[in-house]
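Structure first, commentary second.
The values are calculated or read from the model by the stated rules, or taken from the named source; none is laboratory data. It should be emphasised that the depicted structure is a prediction, and the values quoted were computed from it without experimental measurement. Backbone-built Cβ (ideal geometry, glycine too); neighbour counts: all protein chains shown.
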């Protein structure tokens, strides 16, 4: 199990900036850059309330499901595009299809800017990615990733986590 703590301030996208933390429990390690205050309560996941600045706390139950064939094919095309970009190869793919879901567990990350991957070494395993949302309309929650996506990684021994976000 892991707990994700996020700051809602701008400029908090760094893996080890101290503003975001993915804490693994039980028997996890707190990363050396994480500092905190002892509090009884604090900010929690929310969505927009009656206006843009009002917040209503939410709790979510997630039903995970495998993607259908069309979604899986679209995802694989984006991964091939990403891999080509990382290797400096041609990234001509005509028009890439939209990826309908950018929130998932396992597999491999799908970065918005594949040519600038995170500064994290290969010993870290991809854990999940979580798409940002405005918390308005049909959005179940509000997470400010600058219109992008957040990415979680686990250390090789699965006792320490890292989290960062990326946007277009």
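For residue 34, are the conditions met, namely being in a loop (DSSP other than H, G, I, E, B), without any contact (Cβ under 8 Å) to a residue 60 or more places away in the chain and either farther than 30 Å from residue 19 by Cβ or in contact with a helix residue (DSSP H, G or I) (Cβ under 6 Å, 6 or more places away or on another chain) (or both)?
Taking the combined requirement at face value, the residue does not satisfy it.
Residue-by-condition table, conditions (1) part of a loop (DSSP other than H, G, I, E, B); (2) closer than 18 Å to residue 142 by Cβ:
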{"residue": "42", "(1), (2)": "yes, yes"}
{"residue": "51", "(1), (2)": "yes, yes"}
{"residue": "76", "(1), (2)": "no, no"}
{"residue": "82", "(1), (2)": "no, no"}
{"residue": "89", "(1), (2)": "yes, no"}
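The single condition among (1) in a loop (DSSP other than H, G, I, E, B); (2) touching a residue at least 24 places away in the same chain (Cβ under 8 Å); (3) farther than 24 Å from residue 138 by Cα that residue 60 does not satisfy is (3).
For (1) over 21 Å from residue 58 (Cα atoms); (2) over 15 Å from the mean Cα position of the chain (by Cα); (3) surrounded by 18 or more Cβ atoms within 10 Å (Cβ to Cβ); (4) at pLDDT 90 or above, each residue gets a yes or a no:
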| position | (1), (2), (3), (4) |
| --- | --- |
| 82 | yes, yes, yes, no |
| 85 | yes, yes, no, no |
| 93 | yes, yes, no, no |
| 103 | no, no, no, no |
| 111 | yes, no, yes, no |
| 120 | yes, no, no, no |
| 125 | yes, no, no, yes |
| 163 | yes, no, yes, yes |
| 167 | yes, no, no, no |
